[in-house]
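The values are calculated or read from the model by the stated rules, or taken from the named source; none is laboratory data. What you see is a predicted model, and the numbers here were worked out from it, not measured in a lab. Reconstructed Cβ throughout: ideal geometry from the backbone, glycine too, with neighbour counts over all protein chains shown. For accessibility, only protein heavy atoms count, side chains too; no ligands or nucleic acids. Shrake-Rupley method; radii C 1.70, N 1.55, O 1.52, S 1.80 Å.
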Amino acid sequence: HKIMISTNRAGREKQEREEAVWKIAHLESSKKASAWRKIMKFAATSSKVRISGRVLREKNIAYFGYSGSFVEFTYTGTYVKAQIDSKSYVPGDSNFDTWVAVFVNGADEPYARFKLEEGVQEYELYHAEREEETTVRLMKMSEAAFGSFGILSFETDDRHGAKPSREL
């Protein structure tokens with residue numbers, strides 16, 4: 001949007017009308033974009049996910065203790081975040097940190113691997129430039145003796161509704 005300064009009255013009025021039209025169009029465009037990007041939150045214990053391994057389900061939280069345990073789902077959107085509560089069995093000793101990995105679309109190699117911070121934190125698990133159908137798997141990588149974590153919720157901008165992934 002270019003802003004031009006007009007010196008005569010007719011020119012200023014025309015400019016003001018053009019700016020008003022631009023503002024209305026921009027507002028309508030923003031409303032459509034925000035309607036398109038509805039945020040969806042769901043529990044890791046919901047019917048929208050597939051869980052594998054030893055997992056304790058308590059009050060809509062899925063607690064993962066054993067390595068190799070995972071939660072997986074498919075969504076159509078641009079990102080997925082998780083709210084995770086992590087507990088170390090030996091606080092302060094980095095040898096006992098809890099590590100997880102994110103696998104995308106059935107890949108053998110992790111998209112990301114990271115250490116969980118103690119307490120409740122939010123982590124962005126995956127981000128794409130454009131909306132696409134994506135399968136995300138969050139897996140516990142560290143041994144059971146090295147802590148556990150519970151997933152409180154997932155968040156996506158999926159407007160169709162996440163669903164459990166098909167077994168591979």
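Observations on the model:
- Sole exception among (1) within 15 Å of the chain's Cα centre (by Cα); (2) open to solvent by less than 10 Å² (accessible area, probe 1.4 Å) for PHE103, by number: (2)
- Within segment 106-126, if we keep just the residues that are exposed (fewer than 13 other Cβ atoms within 10 Å of the Cβ) and within 13 Å of ALA82 (Cβ to Cβ), the residue that is nearest to the chain's Cα centre (by Cα) turns out to be GLU124.
- For segment 42-57, filtered to residues that are polar (S, T, N, Q) and at pLDDT 85 or above, the residue that is least open to solvent (accessible area, probe 1.4 Å) is SER52.
- For segment 143-168, a tally of residues being over 15 Å from GLN83 (Cα atoms) and buried (at least 18 other Cβ atoms within 10 Å of the Cβ) returns 5.
- Filter pass, TYR66 being of a type in the set (Phe, Trp, Tyr), in contact with a strand residue (DSSP E or B) (Cβ under 9 Å, 6 or more places away or on another chain) and in a strand (DSSP E or B): no
- Residue-level check: of (1) basic (Lys, Arg); (2) assigned to a strand (DSSP E or B); (3) in contact (Cβ under 8 Å) with a residue 60 or more places away in the chain, LYS48 misses just (2).
- Close contacts from segment 73-102, counting a first residue that is farther than 17 Å from ASP158 by Cα and free of Cβ contacts under 8 Å to residues at least 60 places away in the same chain and a second that is among the basic types (Lys, Arg) and surrounded by fewer than 16 Cβ atoms within 10 Å (Cβ to Cβ), with Cβ to Cβ under 8 Å and a gap of 6+ residues or different chains, come to ASP97/LYS115; THR98/LYS87; THR98/LYS115; TRP99/ARG113; TRP99/LYS115; VAL100/ARG113; ALA101/ARG113; VAL102/ARG113.
- Filtered residues of segment 77-100 (kept if assigned to a strand (DSSP E or B), farther than 15 Å from TYR123 by Cβ and open to solvent by less than 30 Å² (accessible area, probe 1.4 Å)): GLY77, THR78
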